[in-house]
């Protein structure tokens, strides 16, 4: 099979279709415009680059849909009249030559975009307007991407539901009564609800993977350091990374090539003989019945495609992971004040903390961030020097001993739950479980091990809500993971689009 050249991704695929499109009538072209919401990012870029689609019309169409949507995925949006693609039609020829010509993107509101309000999802900074743009976002803009707006999130990127007490909860793409997952809930819901084809989230302990899985879309957590992080509010630089969310792996590849500044080609993996490790006891048996059933179906599809599924253990991981604890709160407490000063946010760290309104985050900050459980310098150094390498070593040993290409497991232990009453605890298979544990346990392990990971939809639960499967690889094997994603995407069932508002049961 020929390779998909990243640099030519926007022009090579669909060339035959575009040749035929030149003969279509104006009425058919209008129909294409009306289907913008269902188009992939790559298709939009291809049409714009060929002069068959007006990027201003794309932006206007999606902004109209966002304005009429009820998922509360956005905190702020741009006006079409303020976008360069609408203000200066004479620049279209230059735009069409760029890798992301006219690509509409939305950005999580803890990532700076110059001239657009950055609230970080909290009250003390709700009127902050940065003058600088995050380096990774600037790369996208330079290649022709159009930023439509800033996305809602769990306050200060600090939770797994995106039940934001300041800007309201983000609502799940498949059921607005349920939460979207977090902390990049707005990104997951916006892509799942067909408001944008691609969104940027950030991921520390699973904040891209979780909402992507719960909203039926694809989330990519790259190796830490693959994308520049200047201009992103830190949580824990040890694990922080930007991560794209999209509806196709091809769209992930499209933006990854620009954000990572690489022209490496990615083609589907040959699954025959590929060894996929399943840490059943620690990652699978703890999930609910729906997740386990869909996951077993996924494994069967992999076997039928020729992959070897290998049951593995990860001895020592649990104990090592417990010792990792001081790293995130320590780095948050030390790095956020530097960010506030560097980007002239205009408030102190204490003022930022005083403005927190979400009950779960207030509790967290009052205990382990700035409260009595805040880690000491000595505890942090021990965690960095002893437990962080131990967590990484547990994964590296398993990959080496079992000759693994990747790990596979359910992204979350269960599907999304109603927004009301779910902040602290949910019920899973008839038993109570802490909300935090139900959604972050699996991804937390892999992010502490610095694995790169991708979640793909593996089906709908018995309640009609999406569940995801995660594939994880060792650091700096991102291209191999993207290749695997292309192959696995072809094996998994295509989820139905989420119901429109008029079609939902009342």
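In a loop (DSSP other than H, G, I, E, B) and exposed (fewer than 15 other Cβ atoms within 10 Å of the Cβ) - does that describe any residue in the range 288-299?
From the range 288-299, those in a loop (DSSP other than H, G, I, E, B) are 288; that's our starting set.
Then keep just the ones that are exposed (fewer than 15 other Cβ atoms within 10 Å of the Cβ); that gives none.
The answer is no, given that none of the residues of the range 288-299 is in a loop (DSSP other than H, G, I, E, B) and exposed (fewer than 15 other Cβ atoms within 10 Å of the Cβ).
Inspect the range 10-31 for any residue being more than 30 Å from residue 121 (Cβ to Cβ), surrounded by 11 or more Cβ atoms within 10 Å (Cβ to Cβ), modelled with pLDDT under 85 and under 22 Å from the mean Cα position of the chain (by Cα) and give the result as yes or no.
Yes, there is a match, as at least one residue in the range 10-31 is more than 30 Å from residue 121 (Cβ to Cβ), surrounded by 11 or more Cβ atoms within 10 Å (Cβ to Cβ), modelled with pLDDT under 85 and under 22 Å from the mean Cα position of the chain (by Cα).
Just for helices (runs of 4 or more DSSP H) wholly inside the range 39-121: which have at least 1 residues that are under 25 Å from the mean Cα position of the chain (by Cα) and at pLDDT 95 or above?
Working: elements: 41-49, 55-67, 84-87, 92-96.
Those helices (runs of 4 or more DSSP H) span 41-49, 55-67.
May I ask you to say which residue of 125, 161 is out of contact with any strand residue (DSSP E or B) (no Cβ under 6 Å at 6 or more places or on another chain), under 20 Å from residue 359 (Cα atoms) and in a loop (DSSP other than H, G, I, E, B)? First the steps, then the outcome.
Numbers: 161 fails: out of contact with any strand residue (DSSP E or B) (no Cβ under 6 Å at 6 or more places or on another chain).
Among 125, 161, only 125 is out of contact with any strand residue (DSSP E or B) (no Cβ under 6 Å at 6 or more places or on another chain), under 20 Å from residue 359 (Cα atoms) and in a loop (DSSP other than H, G, I, E, B).
Residues of the range 114-124 being buried (at least 24 other Cβ atoms within 10 Å of the Cβ) and either touching a helix residue (DSSP H, G or I) at 6+ places or on another chain (Cβ under 9 Å) or within 13 Å of residue 185 (Cβ to Cβ) (or both), which ones?
120, 121, 122
Under the condition of being under 12 Å from the mean Cα position of the chain (by Cα) and assigned to a strand (DSSP E or B), which residue from the range 228-257 is surrounded by the most Cβ atoms within 10 Å (Cβ to Cβ)?
245
Determine, yes or no, whether residue 224 is within 22 Å of the chain's Cα centre (by Cα), surrounded by 24 or more Cβ atoms within 10 Å (Cβ to Cβ) and either assigned to a loop (DSSP other than H, G, I, E, B) or modelled with pLDDT under 95 (or both). Give the derivation first.
Numbers: within 22 Å of the chain's Cα centre (by Cα): yes; surrounded by 24 or more Cβ atoms within 10 Å (Cβ to Cβ): no; either assigned to a loop (DSSP other than H, G, I, E, B) or modelled with pLDDT under 95 (or both): yes.
Considered against the rule, which asks whether it is within 22 Å of the chain's Cα centre (by Cα), surrounded by 24 or more Cβ atoms within 10 Å (Cβ to Cβ) and either assigned to a loop (DSSP other than H, G, I, E, B) or modelled with pLDDT under 95 (or both), residue 224 comes out as no.
Taking residue 386 as the residue in question, decide whether it is under 24 Å from residue 216 (Cα atoms) and modelled with pLDDT of 95 or more.
Criteria not met by residue 386.
Would you mind listing the helices (runs of 4 or more DSSP H) fully within the range 319-418 where at least 1 residues are touching a helix residue (DSSP H, G or I) at 6+ places or on another chain (Cβ under 7 Å) and under 17 Å from residue 445 (Cα atoms)?
Numbers: elements: 327-342, 349-354, 359-364, 377-382, 388-402.
Counting at least 1 such residues, we get 327-342, 388-402.
For the range 137-165, give me each residue that is over 23 Å from residue 63 (Cα atoms) and in contact with a helix residue (DSSP H, G or I) (Cβ under 7 Å, 6 or more places away or on another chain).
155, 156, 158, 159, 160, 161, 165, listed by residue number.
The values are calculated or read from the model by the stated rules, or taken from the named source; none is laboratory data. Bear in mind that the values here come from a model prediction, so they are computed numbers and not experimental data. Counting neighbours? That spans all protein chains shown, and the Cβs are built from the backbone with ideal geometry, glycine included.
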